[in-house]
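As structure tokens, the structure follows; a few thoughts come after it.
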Amino acid sequence: MKANSFVSVGSWQEAYKLLKASPKNKILGGGLWLKKGNAQVDTLIDLSRLNLNKIEDKGSFIEVGSMVSQRELETSSIIKGFAGGVISKAVSKIMGPSFRNVATIGGSIYGKYGFSDLITVLLAFDVELQFYPSKTMSLDEYLKTPGFYDGILTHVRIKKEDAKAFFKKVCITALDYPILNVAISKAKTYKVVVGSRPLVATTLDKTMEYLNNGGADFKKAAEIAVEELKVGDSMATKGEYRKQLAKVYIERGLEEVNK
Ligand SMILES: Cc1cc2nc3c(=O)[nH]c(=O)nc-3n(C[C@H](O)[C@H](O)[C@H](O)COP(=O)(O)OP(=O)(O)OC[C@H]3O[C@@H](n4cnc5c(N)ncnc54)[C@H](O)[C@@H]3O)c2cc1C
């Protein structure tokens, strides 16, 4: 990536005005993904003066600012105290600590990466995204809407529930991109999510319907999951192998959240 200029903005209005001024102006999170590509950026818009680096317990939900780093999320006592610390554990599997000190939550969600560990685990909960100037939508809706929302992701809100949860990242070597991610949560209802298919994470609705209507045969649930799961091949592995992995880890995850 090459950028012509860098502006550290002092307000939302300024950030948004700059973003709309040219399709070549980009919001800067940690810059790790932006840097990897060869985009020609005109102005990089830095949000670090906008107070977006907080993780707050707001009673019924946890609010995470979009400039919070992955490492801050991983080590937060608020996040560790939610659903057995599953979000913290999932994030801890991304590269090394120095990488996670730089990568931001905003950049990690906005990009809708198929391989995202964070998106997979968050989709197992009720998560809302707040965009400036005036849009709020669920993470699920954001992922299902084609393209990227034309605004600034400011906060991520995670609804607090008394949940048990499971997360598994399968990769060929420890620092690799995942070849499959599985996340399961059980609160009042179940949520079953598979990511790195290699498409972006998705809930498995038929499997959840079976479980949420009293289905208690986890082997059967895993079979339903494999039937409805849409996978593809990638350079790293074949879709058929992803299905086999999903079957094993969904059954295992269901056992885990029912202990
Ligand atoms: C080498 C490498 C390996 C990786 N491996 C993994 C892995 O194994 N698992 C995994 O889950 N992830 C992995 N990732 C992705 C990484 O965890 C981050 O999700 C990614 O780098 C984006 O975060 P960032 O802060 O660097 O975003 P940036 O690069 O700064 O931004 C990414 C995109 O989001 C936009 N953006 C950023 N913030 C906002 C905002 N607040 N509002 C609107 N738009 C915004 C930017 O304009 C840009 O288009 C990897 C990334 C790299 C570079």
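The magnitude of the dipole of the chain, with charges of +1 and -1 set on the Cβ of Lys/Arg and Asp/Glu and taken from the Cα centre, is near 400 debye.
Calculate for the chain the 222 nm mean residue ellipticity that helices alone would give, adding -39,500 (n - 2.57) per DSSP H run of length 4 or more and normalising by residue count, nearest 500 deg cm²/dmol. For the chain, the value works out to -9500 deg cm²/dmol. Under 14 Å from the Cβ of residue 13, count the other residues' Cβ atoms, weight Lys and Arg +1, Asp and Glu -1, and hand me the total. Here the count lands on +2. Using the average count of surrounding beta-carbon atoms within 10 Å as a protection proxy, the listed peptides 227-234, 73-80 rank, highest first, as 73-80, 227-234.
The shape of region 154-259 comes out oblate: with a ≥ b ≥ c from the C-alpha gyration tensor, a/c is at least 1.5 while a/b does not beat b/c. When only Cα pairs below 8 angstrom with a gap of at least 6 residues are kept, region 2-45 shows a relative contact order of 59 percent.
Working ranking of peptides 23-32, 63-72, 46-55 by packing, defined as the average number of other Cβ atoms within 10 Å per residue, highest first, is 63-72, 23-32, 46-55. Among 237, 222, 83, whose Cα projects farthest towards the positive end of the dipole of the chain, with charges put on the beta-carbon of Lys, Arg (+1) and Asp, Glu (-1)? About the Cα centre, the residue reaching furthest to the positive side is 237. Around residue 54, with a cut-off of 10 angstrom between Cβ atoms, what is the net charge of the other residues, counting Lys and Arg +1 and Asp and Glu -1? So the surrounding residues net to -3. Packing around the peptides 94-105, 246-257, taken as the average count of other Cβ atoms within 10 Å per residue, puts them in this order, highest first: 246-257, 94-105.
Please name which of 43, 8, 18 has its Cα lying farthest along the dipole of region 2-45 towards the positive end, using unit charges on Cβ (Lys, Arg +1; Asp, Glu -1) and the Cα centre as origin. The one lying farthest along the dipole's positive direction is 43.
In this Cβ point-charge picture (+1 for Lys and Arg, -1 for Asp and Glu), region 164-257 has a dipole of about 200 debye about its Cα centre.
Applying 1/(1 + (r/R0)^6) with r as the Cβ-Cβ distance of residue 212 and residue 38 and R0 = 45 angstrom yields a FRET efficiency of 0.50. Quick one: Cα centre-to-centre distance for region 154-184 and region 1-76, in angstrom? Here the two parts' Cα centres lie 22 Å apart. Count Lys and Arg as plus one, Asp and Glu as minus one, and take only other residues whose Cβ is under 12 Å from that of residue 117; the net charge is then +3.
Values quoted throughout were computed directly from the atomic coordinates according to the rules given, and no laboratory measurement underlies them. Being a predicted model, the structure only gives us computed values, none of them experimental. Glycine also receives a Cβ, built like all others from the backbone with ideal geometry; neighbour counts cover every protein chain displayed.
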